[in-house]
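Q: A single structure is presented below for examination.
The values are calculated or read from the model by the stated rules, or taken from the named source; none is laboratory data. All values derive from a computational prediction rather than experimental measurement. We place every Cβ from the backbone using ideal geometry, glycine too, and count neighbours over all the protein chains shown.
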Amino acid sequence: MHSFSKLVSAALAFGLLLSQVAATCTRPLQRKEWRTLRASEKQAYIKAVGCMQTKPGLLGDLYPGVRSRFDDFLGLHINQTDFIHFVGFFQPWHRLFVATYEASLRSECGYTGAQPYWDWSLDSWSEAAFLESPVFDPATGFGGNGPYINSTDDASVRLHIPGKTGGGCVLNGPFKDMSVNMGPGLNNDYNPHCLTRDFSPWLATQKLQFINSFTPFLQTTFSKFDVAVQGSIDVAGLTYHGGGHLSVGGDLGTMGDVYASPGDPLFFLHHANMDRLWNLWQRIDFPRRSKDIAGPTVQFTAPFDFFGPATSTNVTLDYAMDFKHLASSSSSVKISEVMDIQAGRLCYTYV
Ligand SMILES: *[C@@H]1O[C@H](CO)[C@@H](O)[C@H](O)[C@H]1NC(C)=O
Ligand SMILES: *[C@@H]1O[C@H](CO)[C@@H](O)[C@H](O)[C@H]1NC(C)=O
Ligand SMILES: *[C@@H]1O[C@H](CO)[C@@H](O)[C@H](O)[C@H]1NC(C)=O
Ligand SMILES: [Cu+2]
């Protein structure tokens, strides 16, 4: 055989092998709760996030503010915010978003662990406990609150969070000098600013306790589960999704910004925990629930039509989610490809 064609057939066989390996998930990554990681594992994760913030970005032609690989994720989320929240593929989209970030930490920044999650229910049984959360530790976590800024009269705040205690730049921990390069809000231009936090320990005790996952978990269809997870847009209607964002982000913090929240590295630990809960809910009846998807294709249409009656078409398992080249092989990914965290593109588990 000609040596070139030998090479080609070897490459084809190898490619086939790779795709088979990728399709069977034999050694899932073990995603762990932040506080159960060893000190060296915490350090390795934080170091890898720092590395993502120094690697050149790939999506600068789409989002002018992108300066790093970390910013690719921030830029995409800002750009897509109005299409991926309060829709039926909110949870599938964020599942793949976090998995893609995890894959980049590993393949581009030498991280050998899995994406950790933050089980906020362990910290939300009292306001004092929330402030003591290991995720906010300046030495072994992501740093703490910003100094208090009174935002009562700030008209740019869409939803005022009772009990907010901060608002300014994070002053300690590994991200005190980081530059959030886009946002706030729907802004993909280069606008470097500090990471801000505005803790509301009160909101945490209202939305992030163990009991707050009961309503979603009692639902027997994805449609009802998803409505219970996404909640609505006033303080009373917030559930654990908004609760996690706004207990950290308050009125003025990066995590509370629906567009630019991935500017806070804690975003990925919060969404990993949400993904863990969706997976737990799915495993109650996996054959059925791994095929169960529902909800509108357009934001703020029924059942999320908070601004007046509106309807759109509904998602199916074949619905293609737009990832704008953040996904490795193609920019659109079908919902069916992310319904099982141990099949297709995904291979991880929660411990
Ligand atoms: C999102 O980015 C694309 C370019 O990739 C741009 O055409 C579009 O206007 C942006 N959408 C929003 C809502 O910013
Ligand atoms: C914040 O400002 C509002 C209105 O200016 C005022 O009523 C309130 O007492 C202030 N809050 C604090 C904690 O200073
Ligand atoms: C989408 O689903 C909702 C709720 O099940 C239903 O009321 C609505 O008619 C559906 N829309 C379309 C276009 O099928
Ligand atoms: Cu989001």
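Q: Pick out the one residue from Tyr111, Tyr101 that is outside any helix (DSSP H, G or I), modelled with pLDDT of 95 or more and closer than 30 Å to Ala343 by Cβ.
A: Testing whether each residue is outside any helix (DSSP H, G or I), modelled with pLDDT of 95 or more and closer than 30 Å to Ala343 by Cβ leaves just Tyr111.
Q: Looking at region 148-166, I want the residues that are free of Cβ contacts under 8 Å to residues at least 24 places away in the same chain and have a partner that is away from ligand 4 (no atom under 16 Å from the Cβ) and not aromatic (Phe, Trp, Tyr) with Cβ atoms under 6 Å, at least 6 apart or on another chain. Which pairs are those?
A: Tyr148/Gly166
Q: Test each condition in (1) in contact (Cβ under 8 Å) with a residue 12 or more places away in the chain; (2) within 16 Å of ligand 1 (Cβ to nearest atom); (3) in contact with a Lys or Arg (Cβ under 9 Å, 6 or more places away or on another chain); (4) not in a helix (DSSP H, G or I) for Val66 and report the one that comes out false.
A: If we test Val66 against (1) in contact (Cβ under 8 Å) with a residue 12 or more places away in the chain; (2) within 16 Å of ligand 1 (Cβ to nearest atom); (3) in contact with a Lys or Arg (Cβ under 9 Å, 6 or more places away or on another chain); (4) not in a helix (DSSP H, G or I), just (3) comes out false.
Q: Just give me the residues in region 37-70 being within 23 Å of Pro116 (Cβ to Cβ) and within 16 Å of ligand 4 (Cβ to nearest atom), in sequence order.
A: Answer for region 37-70, where residues must be within 23 Å of Pro116 (Cβ to Cβ) and within 16 Å of ligand 4 (Cβ to nearest atom): just Phe70.
Q: Return the residue satisfying two criteria in turn: it lies in region 231-250 and is touching a residue at least 24 places away in the same chain (Cβ under 8 Å) and among the hydrophobic types (A, V, I, L, M, F, W, C), and of such residues it is nearest to Val180 (Cα to Cα).
A: The residue in question is Val248.
Q: Sticking with this structure for a sec: Scan region 221-230 for residues that are without any contact (Cβ under 8 Å) to a residue 40 or more places away in the chain and surrounded by fewer than 16 Cβ atoms within 10 Å (Cβ to Cβ) and report the count.
A: 1
Q: If you check Ser213 against the conditions, is it under 28 Å from Asp71 (Cα atoms), over 13 Å from the mean Cα position of the chain (by Cα) and in a helix (DSSP H, G or I)?
A: no
Q: On to the next question. Inspect region 76-84 for any residue being in contact (Cβ under 8 Å) with a residue 12 or more places away in the chain, assigned to a helix (DSSP H, G or I), over 21 Å from Met274 (Cα atoms) and more than 16 Å from ligand 3 (Cβ to nearest atom) and give the result as yes or no.
A: Yes.
Q: I've got another one for you. Restricting to region 265-284, give me the number of residues that are over 14 Å from the mean Cα position of the chain (by Cα), among the hydrophobic types (A, V, I, L, M, F, W, C) and either over 21 Å from Phe225 (Cα atoms) or not in a loop (DSSP other than H, G, I, E, B) (or both).
A: Final tally of qualifying residues: 2.
Q: Specify which of the listed residues (Leu122, Leu159, Leu131) is within 16 Å of ligand 4 (Cβ to nearest atom) and either at pLDDT 95 or above or within 16 Å of Glu33 (Cα to Cα) (or both).
A: Of the residues listed, the single one that is within 16 Å of ligand 4 (Cβ to nearest atom) and either at pLDDT 95 or above or within 16 Å of Glu33 (Cα to Cα) (or both) is Leu159.
Q: OK, next. Please specify each residue of region 180-210 satisfying the condition of being of a type in the set (Gly, Ala, Ser), buried (at least 22 other Cβ atoms within 10 Å of the Cβ) and in a loop (DSSP other than H, G, I, E, B).
A: Hits for region 180-210 are Gly183, Ser200.
Q: Name the residue, out of Pro262, Pro287, that is within 16 Å of ligand 1 (Cβ to nearest atom), modelled with pLDDT of 95 or more and in a helix (DSSP H, G or I).
A: Result: Pro262 is the single residue among Pro262, Pro287 that is within 16 Å of ligand 1 (Cβ to nearest atom), modelled with pLDDT of 95 or more and in a helix (DSSP H, G or I).
Q: What number goes with the only condition from (1) touching a residue at least 12 places away in the same chain (Cβ under 8 Å); (2) closer than 30 Å to Lys291 by Cβ that Ile211 does not pass?
A: Exception for Ile211: condition (1).
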